[in-house]
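S.K.: Shown below is the structure under consideration.
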Amino acid sequence: MTAPTKPTPTAPDAADARDGLAADASGETLHTPVIAWFDAHARDLPWRRPDAGPWGVMVSEFMLQQTPVSRVLPVYEQWLARWPRPADLAKEAPGEAVRAWGRLGYPRRALRLHGAATAITERHGGDVPAHHSQLLALPGIGEYTAAAVASFAYGQRHAVLDTNVRRVFARAVGGVQYPPNATTAAERKLARALLPDDERTASRWAAASMELGALVCTARNEDCAKCPIAAQCAWRAAGKPAHEGPARRGQTYAGTDRQVRGKLLAVLREAVAPVPQAALDRVWDEPVQRARALDGLVADGLVEPLADGHYRLPLT
């Protein structure tokens, strides 16, 4: 008779450690050391400074999605210098937001941020709303961004679950190397259970756990020697077992439609007048892929075709 198979842990809802920590003073054994570490080691980032304001926080959250801080910093500074308030951006054509987005990638975020700025101007007198429900009602704002702005800009108590936080929770509480590929209901439940009761402490915890994942509990080459909760970490206690879920595939770029779209947009961003088809044809030799990429940009509202065969960034 074969021995029963040992169940594989899942992140992070199956871990016994989760239940203990969730019941233990709302995770106080994690809050105190992580927040203390954050107070000592947090990066001095412009959107964390008091003068950034809610608009600066919102802009940073749009830009930081799937984009490293080092690439965001110069674009963020230029953006806020040009558009210090939502109304300033709302006055401009959407194409100007796409132009200023530069090479941050995923340029639909620029259109969404422009749409949010327009809605803030029209619905809220130009001030970023403080209520989570109002933030969530803005175009281009999902649960993560609404929670992040409410927490980081207004000091409110919300579970802020980005990739870094999810990885910290998966390891420290769930005992596994990586969280699931997509955020689960169990992860949201755990994040809510771990929230400090006090609003100010909760907002610090959100920022601190995110910074811990960005600087120490990284996807690769985690630095457990510098981790303030290494002694409590369920993954480390289990011997740091390797990931057993679906393979985690890195995103490729070279030769993809994303690369072609980026090259086409670069031509349009640098142009001061509508661009003829021939100028776009020169950026990529393969005509079928080039046409598909251009059609996708048009469908996404990032490029506006004109009747004479020219193209431009969108005006409306």
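The values are calculated or read from the model by the stated rules, or taken from the named source; none is laboratory data. All figures in this text were calculated on a predicted structure; none of them were measured in a lab. With ideal geometry, Cβ positions are generated from the backbone for all residues, glycine too; neighbour counts draw on all protein chains shown. To get the accessible areas, we keep the full protein, side chains included, count just its heavy atoms, and leave off ligands, DNA and RNA. Shrake-Rupley method; radii C 1.70, N 1.55, O 1.52, S 1.80 Å.
S.K.: Give segment 122-139 a look and list any residue that's under 19 Å from Y154 (Cβ atoms) and open to solvent by 20 Å² or more (accessible area, probe 1.4 Å), or say none.
M.R.: R123, H124, G125, D127, A130, H131, H132, S133, Q134, L136, A137, listed by residue number.
S.K.: Still on this structure, please answer the following. Checking the structure you have, find out if any residue of segment 172-181 is of a type outside the set (S, T, N, Q), in a helix (DSSP H, G or I) and within 16 Å of H31 (Cα to Cα).
M.R.: Among the residues of segment 172-181, at least one is of a type outside the set (S, T, N, Q), in a helix (DSSP H, G or I) and within 16 Å of H31 (Cα to Cα), which makes the answer yes.
S.K.: How do the helices (runs of 4 or more DSSP H) wholly within segment 201-316 filter down when requiring 1 or more residues that are closer than 30 Å to P33 by Cβ: which remain?
M.R.: Fully inside segment 201-316 and qualifying: 234-237.
S.K.: Could you identify the single residue in A278, A242, A299, A266 that is farther than 15 Å from P107 by Cα, outside the structural domain of P107 (by TED's automatic domain parsing) and of a type in the set (G, A, S)?
M.R.: A278
S.K.: Same structure, new question: Please go through segment 48-73 and give me each residue that is in a loop (DSSP other than H, G, I, E, B) and more than 19 Å from A97 (Cα to Cα), ordered by number.
M.R.: Across segment 48-73, the qualifying residues are R49, P68.
S.K.: Now, a different point. In segment 153-165, how many residues are in a helix (DSSP H, G or I), within 16 Å of the chain's Cα centre (by Cα) and surrounded by fewer than 24 Cβ atoms within 10 Å (Cβ to Cβ)?
M.R.: 3
S.K.: From the list R48, R71, which residue is in the same structural domain as I229 (by TED's automatic domain parsing), more than 14 Å from the chain's Cα centre (by Cα) and not aromatic (F, W, Y)?
M.R.: R48
S.K.: When segment 121-140 is examined, which residues are found to be without any contact (Cβ under 8 Å) to a residue 40 or more places away in the chain and either closer than 25 Å to R269 by Cβ or assigned to a helix (DSSP H, G or I) (or both)?
M.R.: T121, E122, R123, H124, H132, S133, Q134, L135, L136, P139
S.K.: Quick check: is even one residue across segment 202-214 at pLDDT 95 or above, more than 20 Å from T29 (Cβ to Cβ) and either open to solvent by 10 Å² or more (accessible area, probe 1.4 Å) or not assigned by TED's automatic domain parsing to the domain that holds T118 (or both)?
M.R.: Yes, segment 202-214 contains a residue that is at pLDDT 95 or above, more than 20 Å from T29 (Cβ to Cβ) and either open to solvent by 10 Å² or more (accessible area, probe 1.4 Å) or not assigned by TED's automatic domain parsing to the domain that holds T118 (or both).
S.K.: Within the set of pairs 6 or more residues apart or between chains, which connect a residue that is within 12 Å of Q277 (Cβ to Cβ) and touching a residue at least 40 places away in the same chain (Cβ under 8 Å) inside segment 302-316 to a residue that is surrounded by fewer than 19 Cβ atoms within 10 Å (Cβ to Cβ) and polar (S, T, N, Q) with Cβ atoms less than 9 Å apart?
M.R.: Y311/Q277
S.K.: Does A15 qualify as being open to solvent by less than 50 Å² (accessible area, probe 1.4 Å) and either assigned by TED's automatic domain parsing to the domain that holds L302 or at pLDDT below 95 (or both)?
M.R.: yes
S.K.: Would you mind telling me which numbered condition in (1) open to solvent by 40 Å² or more (accessible area, probe 1.4 Å); (2) under 24 Å from R192 (Cα atoms) R112 fails?
M.R.: Evaluating R112 over (1) open to solvent by 40 Å² or more (accessible area, probe 1.4 Å); (2) under 24 Å from R192 (Cα atoms) leaves (2) as the failure.
S.K.: Could I ask something else about it? Can you give me the number of residues within segment 29-60 that are of a type in the set (A, V, I, L, M, F, W, C) and either open to solvent by 30 Å² or more (accessible area, probe 1.4 Å) or more than 19 Å from A172 (Cα to Cα) (or both)?
M.R.: 10
S.K.: Scanning segment 74-109 for residues that are assigned to a helix (DSSP H, G or I) and of a type in the set (K, R), which turns out least open to solvent (accessible area, probe 1.4 Å)?
M.R.: For segment 74-109, the residue satisfying everything is R109.
S.K.: When you look at L294, is it under 23 Å from the mean Cα position of the chain (by Cα), modelled with pLDDT of 95 or more and aliphatic (A, V, I, L, M), yes or no?
M.R.: no
S.K.: Could you please let me know if R71 is surrounded by fewer than 17 Cβ atoms within 10 Å (Cβ to Cβ) and out of contact with any Cys (no Cβ under 6 Å at 6 or more places or on another chain)?
M.R.: Criteria met by R71.
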